[in-house]
Amino acid sequence: MDELQKKIASLDKDRIPVHVAMIMDGNGRWAKRQGFERSDGHAEGVSTVHRVTKMSSDLGIKYLTLYAFSTENWNRPQAEVDTLMYLIGWAIERELPELLENNVRIHLLGDIERIPEEPRKRLFYARDTTAHCTGLQLNMCLSYSSRWEITEAARQLARMAAEGKINPDEISEQVFSNHLTTAGIPDPDLLIRTGGEERISNYLLWQIAYSELYFTPVLWPDFSNEEYVDAILDFQNRERRFGKTSEQVQNNE
Ligand code: IPE
Ligand code: IPE
Ligand code: MG
């Protein structure tokens, strides 16, 4: 058994997180350190996406949510935005056969209409072609930001209230959740951010209310399967109390 297999064997199979969210950060710094262009870092990052997706499927994780491009990332230099958009379209097309083989369903979160037509068509094609898959659900956050999403939900509900379709008194946390792009998806159990920054960068603010946070200095292109399993092992050593006392949790109250 190699190191990775040993680590996997030490996982508690009954406490695998249902939903893992990731902030894939550090591609640019990875590239600069090697003396490459930032875009080379993004290309390398695609390999990590491939690996992490396969690993998530193999571990029996049900939802993997990846922050691929934020609303704020539109403010990067146009050449970098163009490269990222090209890479997203290219990668989704290249990965599609294996995603299907592994029964992975693609779901898109974000203001997808802002994505240029060519990659957007490929994303929609991948989403539609994998719609019947019942294994891992891979949520790709593109042109996504949490404040955008929450504002959209508020706007939808306000419109419904103005049209008399909903009574404002009926707007509960559950109703609000159902108007977010993550409607129907359980909240993340574990949020992993690579790249060393300890911040959330406008990601899933509502959904991570009780997620376990894991920050690693490892840059996204270097994020290995071993490090992924380390994060899950760390998660399994935490006590999720949801406001209760430790005693209550231990007595299953
Ligand atoms: C994350 O890597 C990828 C995207 C935001 C699209 P960065 O490009 O942010 O890499 P750093 O943080 O500059 O190293
Ligand atoms: C967060 O990374 C967004 C993605 C990983 C897509 P950034 O590199 O854009 O985050 P900040 O701006 O440094 O917080
Ligand atoms: Mg970054």
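Before moving on, here are some points about what is shown:
- Among 203-215, 167-179, 120-132, 17-29, sorting by the average number of other beta carbon atoms lying within 10 angstrom of each residue, highest first, gives 17-29, 203-215, 120-132, 167-179.
- Among the listed pairs LYS121/LYS165; LYS54/LYS121; LYS32/LYS62; LYS62/LYS244; LYS6/LYS62; LYS62/LYS121, those beyond 31 Å (Cα-Cα): LYS121/LYS165; LYS32/LYS62
- For the stretch 172-251, carbon and sulfur atoms together expose 46% of the accessible surface, with a 1.4 angstrom probe and every protein chain in place.
- For the chain, the Kirkwood estimate of hydrodynamic radius, built from reciprocal distances between every pair of different alpha carbons, is 19.4 Å.
- Selection from TYR210, ALA158, SER39 lying farthest towards where the dipole of the chain points positive, charges on Cβ: ALA158
- Net +/- balance of residues flanking TRP74 in space, Cβ distance below 10 Å, scoring K and R +1, D and E -1: 0
- Placing unit charges on the Cβ atoms only, positive for Lys and Arg and negative for Asp and Glu, gives the chain a dipole magnitude near 220 debye about its Cα centre.
- Long-range Cα-Cα pairs in the stretch 140-253 (distance over 23 Å), rounded percent: 47 percent
- Principal axis extents of the Cα atoms in the stretch 212-253, from largest to smallest and rounded to whole angstrom, are 42, 15, 9.
- Whole-number percent relative contact order across the chain, with pairs defined as alpha carbons under 8 Å at least 6 apart: 28 percent
- Charge dipole (debye, nearest 20) of the stretch 152-201; +1 at Cβ of Lys and Arg, -1 at Cβ of Asp and Glu: 220 debye
- Whole-Å distance, taken between Cα centres, linking the stretch 106-167 and the stretch 1-28: 27 Å
- Protection proxy ranking for 145-157, 72-84, using the average of other Cβ atoms within 10 Å per residue and placing the highest first: 145-157, 72-84.
- In percent, rounded to a whole number, the relative contact order of the stretch 156-239 is 25, using alpha-carbon pairs under 8 Å and six or more apart.
- Peptide ranges 53-59, 185-191 listed from the most packed, as the mean C-beta count within 10 angstrom indicates: 185-191, 53-59
The values are calculated or read from the model by the stated rules, or taken from the named source; none is laboratory data. In this text the structure is predicted, and so the values were computed from the model without any measurement. Every residue, glycine among them, receives a Cβ derived from its backbone with ideal geometry; neighbour counts consider all protein chains shown. Heavy atoms of the whole protein, side chains included, go into the accessibility calculation; ligands, DNA and RNA do not. Shrake-Rupley method; radii C 1.70, N 1.55, O 1.52, S 1.80 Å.
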